[in-house]
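Colleague: Below: one structure in structure tokens.
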Amino acid sequence: MPSYLALKPRSDALVDRLRCGGPEREGALPELHALLLRAARFEATRRRATLPHLRGDELDDIALEAADDALVAVLAKLDDFRGASRFSTWAYKFALLETEAKLRRRAWQRREIALEADDWSLFADPGGSPAAEVERTELLAAVRRAIATALTPRQRDVLIAVALNGVPAGVLAERLGTSRGALYKTLHDARLKLRSELRLEGLSTAA
């Protein structure tokens, strides 16, 4: 082993081996996967209370799947690592994000996805002034009209599910049989159209 690697933290020496290719890279892959699996198991355990219906073996399966996907993501982004932090810290984030996303999807697995926004009272501001409340009521009425009349059915369903009902984009994409990219495009187009309609009425919104 080159002497300069011996002076580097183990996790940072790992990235050098991953970039070497050949036997060095092949030997480093299991170490990287083990690091990612530890991170994924930590995150799954930390969030276990939010998914009481899951058994320990299910959580471990989720952690393993998250580590597998994180490994692919880390290798794809390896050239982006510039050493601003320890490599282990940088790589850990991929596993944490993958685990969070998979647990979120699992939490929604048995839940019905609402495509209608029935409770607009969530947007009420009981502490606002009477004048502010009138403005808010007018804005919400305009938003509801624009959603109902200006958007396509697909745009309406996506906007209500994601922006109003809090459905994770990944979950909705799976239910609708589309990709996250296509879903975000639909959401983006819906927001642009909604803003345009509200501007025509002399109103504005951050929707």
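The values are calculated or read from the model by the stated rules, or taken from the named source; none is laboratory data. The shown structure was predicted, so the numbers you read here are calculated from the model rather than taken from an experiment. Cβ sites come from the backbone with ideal geometry, for glycine too, and all protein chains shown count toward neighbours.
Colleague: Cβ-Cβ distance below 6 Å, separation of 6 or more or different chains: which pairs start in segment 14-27 with a residue that is assigned by TED's automatic domain parsing to the domain that holds Asp79 and touching a residue at least 60 places away in the same chain (Cβ under 8 Å) and end on one that is part of a helix (DSSP H, G or I) and of a type in the set (Gly, Ala, Ser)?
Modeller: Leu14/Ala28; Leu18/Ala28
Colleague: Name the residue that is surrounded by the most Cβ atoms within 10 Å (Cβ to Cβ), counting only residues in segment 40-67 that are part of a helix (DSSP H, G or I) and in contact with an Asp or Glu (Cβ under 9 Å, 6 or more places away or on another chain).
Modeller: Once the filter is applied, the top-ranked residue is Ala40.
Colleague: Let me ask you something else. Does segment 28-37 hold any residues that are out of contact with any helix residue (DSSP H, G or I) (no Cβ under 7 Å at 6 or more places or on another chain) and in contact (Cβ under 8 Å) with a residue 12 or more places away in the chain, and which are they?
Modeller: Within segment 28-37, Leu29 is the sole residue that qualifies.
Colleague: Sticking with this structure for a sec: For the condition among the aliphatic types (A, V, I, L, M), within 30 Å of Glu98 (Cβ to Cβ) and assigned to a loop (DSSP other than H, G, I, E, B), what is the one hit in Val158, Val167?
Modeller: Val167
Colleague: Could you please give the count of residues in segment 16-32 that are surrounded by fewer than 13 Cβ atoms within 10 Å (Cβ to Cβ) and under 27 Å from the mean Cα position of the chain (by Cα)?
Modeller: Qualifying residue count for the region: 1.
Colleague: Let me ask you something else. Filter segment 141-160 down to the residues that are surrounded by fewer than 18 Cβ atoms within 10 Å (Cβ to Cβ) and not basic (Lys, Arg) and list them by number.
Modeller: Once the filter is applied, which keeps residues that are surrounded by fewer than 18 Cβ atoms within 10 Å (Cβ to Cβ) and not basic (Lys, Arg), segment 141-160 yields Ala141, Ala148, Thr149, Ala150, Thr152, Pro153.
Colleague: Restricting to segment 161-177, what's the tally of residues that are at positive phi and either crowded, with 18+ Cβ neighbours inside 10 Å or modelled with pLDDT of 80 or more (or both)?
Modeller: Qualifying residue count for the region: 1.
Colleague: What are the residues in segment 68-86 that are outside any loop (DSSP other than H, G, I, E, B), surrounded by 13 or more Cβ atoms within 10 Å (Cβ to Cβ) and among the charged types (D, E, K, R), if any?
Modeller: Asp68, Asp69
Colleague: Among what's in segment 57-100 and is among the basic types (Lys, Arg) and over 16 Å from the mean Cα position of the chain (by Cα), pick the residue that is nearest to Arg38 (Cα to Cα).
Modeller: Only one residue tops the list, namely Arg86.
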